[in-house]
Amino acid sequence: MRCPHCRHETRERARFCGTCGASLESSVSCPRCATINPLGQKFCDACGESLASAGGASERDARAYTPRHLVERILTTRSALEGERKQVSVLFADVVDSMRLAERLGAEEWHRVLDRIFAILSAGIHRFEGTINQFTGDGVMALFGAPVAHEDHARRACHAALSAMSELHAYAGALRARGLELSVRMGINSGEVVVGKIGDDLRMDYTAQGYCVGIAARMQQLAAAGTVLLTESTAQLVEGFFALADVGPRSIKGVSAEIRTFELRGVGPRRTRLDGSALRGLSRLIGRETELTWLDGILTRSMESTGQIVGVIGEAGVGKSRLCLEFIQRCRARGIPVHEVHCPSHGATVPWLAIRELMRGYFGLAPDTAADSIRRTVEQQLLALDAGFASAVPLVLEILGIGDSGQRPERATPQAATFMRRFFRLQSTSQPGVLFLDDAHWIDRASDELVQVIAASVRGTQTLLLANFRPEYKPAWIGGSHYHQLALSPLGEEASRELVRDLLGSDGSLDELSARILERTGGSPFFTEEVVTALAASGSLLGERGAYRLATPIEGLALPVTVQALLAARIDRLGERAKDLLRVAAVIGKQFDEPLLREVSGLGDGHDLDAVLGVLQDEEFFRLVTLSPKPEYAFKHPLVCEVAYLSQLGERRAQVHAAVATALEKLRSDRLGEYASLIAHHWEASGMRFEAARWKRRAALRVANIKVGVRGVRRRPARPPENG
């Protein structure tokens, strides 16, 4: 008999799993009142309802609701799910007054209604790559940001809630015609949770625990019928991206302080992270004048009818979008038309999303333009451009999502490629322009194929195709003499100091804080701004940007949740072996040598370790510090080390700390006194206080001996000069 949770083989008569402690006794939920009844009972012992048809409702299989691409992503990360900390958004949804509906419909009909509700909820959740954690009788619990981390988990949860609510409203209308009133309420909260593992068969045994989960459940209970209620922590992460209504603080049983809550009303005006920064006032662009001058030179060449392509490549937070924003603002100031396409992270699974935005920009369509008006505008402009485009009108309407056929292929068709090639050249040959593709690493597949068509058509036009993306994205359209790549590096030391001074000010109380921010953020403009914003929001800084003063002494710089989620998502894109090695290295420290890493990680085969180290260097996580006498590596960014360390559960970290201490004792046996303090640190972090105390004494003795030796040298009288 296998445990359905951890797959451990157990005794036939076991009641609980000996490995994970899960109950092995089967049960069935009543389809009417959701009471849990022992397997074999024919009627519910709470309400008397027949349990004959309840099996399907209680044993819902995630595979019936989970799309294949998400199943594959979940299963490929299961080895990391033995337990880890993650920043997530938790969504709870349930049917309002379900008991009354169940009583009126009867078990079989109620089962059909619930199935439809679950299908709608699942479609909305999975569309934005959320994971249904469990079915809760008449609702669901879903996680965004686990098992696969997402830097925009809160936005995904809100998009999913709005999408599902829209579909549920339509379904409720159909039921209303039968005299039935259906409404669903939802609650969302964001924060840190501890997540468990998921079984190979995708049973609903994936666990998330923590304060964050309980508060999300309370939000759902407080929400009015047909509404979505958010906590302040979620609202702060999605502010501007969604329309929110402040409904005031709420008292929650078991929570000492009131929690401020917000109702989710719809989509807001913000599209990118920089939109929010613009509302607060963009910080001055520092240390990028050389890059801007270079871009101006490429633009000049493109305007001479030799169209050019530029790829701005760099890690998250290095300032790619900020540089491009500054450049296109200069272009607009010169009267050069700019067409922008912003690729949201959840858009990778939505066919045609990026190209749809591009086409709406070309046709001058506002977000709230009615479908009939779009049809008229598209037809008029296409025919004005070329009378031969009459046959392409239905195709363009399909791309815009308002076609009559309702069919939207997930790949670019030959007809779409032919149209885009011709349309782009007609638009671009007669006048200069810039086509800007922001965050291209998140582009959907169909749009990516059409961008390749556009890139191949740039030559001979006056267009500059400008795209920014992260290193993991390898577009098919790079290459050729008209393609140029700008690799954006973190800010240098002087530019970083200037940025911190611009953000904080020059008050004398900030000197030590400025140095700590510089050390921690590693030249990343985004990380620097987020740390300062978090300090101001917490009340540690008083004043305004550029004129702050320290309000209270700061013991430690808290890692902003935005930065933590961004880096966790980057780490999660690694393969399992690379991720495991990265986490082991994070426990060792910011710098480490290869023999120590091999000993602790268990990758004894040099080829295996070399291969994984190669991946981590290629992906910009590690850098080689020195080759001899033994290879030494360091984390390329200090915050990556911190996030990789904090994501591990305390028990796992303690085990690795103990392994590091043991390895140091073995590998540094000829210099144990020199490493005694470091060995003591790792034993203490592992919870082995006796071993830690022993090595602390040894370290103290070594320091004392050094001091005695130094004093002896100072007191030794000088030798008189020899005669002679």
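The values are calculated or read from the model by the stated rules, or taken from the named source; none is laboratory data. The shown structure was predicted, so the numbers you read here are calculated from the model rather than taken from an experiment. Cβ: placed from backbone, ideal geometry, glycine included. Neighbour counts: every protein chain shown. Please note that ligands, DNA and RNA were not included when accessible areas were found on the heavy atoms of the full protein model with its side chains. Shrake-Rupley method; radii C 1.70, N 1.55, O 1.52, S 1.80 Å.
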What do you reckon, is Lys630 open to solvent by 40 Å² or more (accessible area, probe 1.4 Å), more than 28 Å from Leu518 (Cβ to Cβ) and basic (Lys, Arg)? yes
Out of Ser428, Ser391, sole residue that is polar (S, T, N, Q), open to solvent by 60 Å² or more (accessible area, probe 1.4 Å) and more than 28 Å from the chain's Cα centre (by Cα): Ser391
Take the residues of segment 516-532 that are without any contact (Cβ under 8 Å) to a residue 40 or more places away in the chain and open to solvent by 30 Å² or more (accessible area, probe 1.4 Å): which is farthest from Gly492 (Cα to Cα)? Glu530
Identity of the residue in segment 585-601, within 24 Å of Val195 (Cβ to Cβ) and touching a Leu at 6+ places or on another chain (Cβ under 7 Å), that ends up most open to solvent (accessible area, probe 1.4 Å): Ser601
Considering only residues that are of a type in the set (A, V, I, L, M) and either open to solvent by 60 Å² or more (accessible area, probe 1.4 Å) or not in a helix (DSSP H, G or I) (or both), which ones fall in segment 533-546? Ala537, Leu541, Leu542
Against the conditions (1) closer than 30 Å to Gln655 by Cα; (2) touching a strand residue (DSSP E or B) at 6+ places or on another chain (Cβ under 8 Å); (3) assigned to a loop (DSSP other than H, G, I, E, B), where does Leu557 fall short? Just the number, please. (2)
May I ask you to verify whether Arg668 is under 18 Å from Lys579 (Cα atoms) and among the basic types (Lys, Arg)? no
Kindly indicate the residue of segment 239-260 that is part of a strand (DSSP E or B) and charged (D, E, K, R) and also farthest from Thr562 (Cα to Cα) among those meeting that condition. Arg250
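Here's the yes/no breakdown for (1) open to solvent by 40 Å² or more (accessible area, probe 1.4 Å); (2) assigned to a helix (DSSP H, G or I); (3) at pLDDT below 90:
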{"site": "His346", "(1), (2), (3)": "no, yes, yes"}
{"site": "Ile355", "(1), (2), (3)": "no, yes, no"}
{"site": "Pro367", "(1), (2), (3)": "yes, no, yes"}
{"site": "Leu383", "(1), (2), (3)": "yes, yes, no"}
Of all residues making up segment 438-452, the number that are open to solvent by 20 Å² or more (accessible area, probe 1.4 Å) and either of a type in the set (Gly, Ala, Ser) or more than 20 Å from Arg273 (Cβ to Cβ) (or both): 4
Matching residues, segment 560-583, being over 15 Å from Arg85 (Cβ atoms), among the basic types (Lys, Arg) and either open to solvent by less than 30 Å² (accessible area, probe 1.4 Å) or part of a helix (DSSP H, G or I) (or both): Arg570, Arg577
Residue satisfying all of: in segment 454-472; among the β-branched types (Val, Ile, Thr) and either assigned to a strand (DSSP E or B) or within 30 Å of the chain's Cα centre (by Cα) (or both); nearest to Cys331 (Cα to Cα) among these: Thr463
Total residues in segment 625-675, condition part of a strand (DSSP E or B) and either under 29 Å from Glu192 (Cα atoms) or among the polar types (S, T, N, Q) (or both): 4
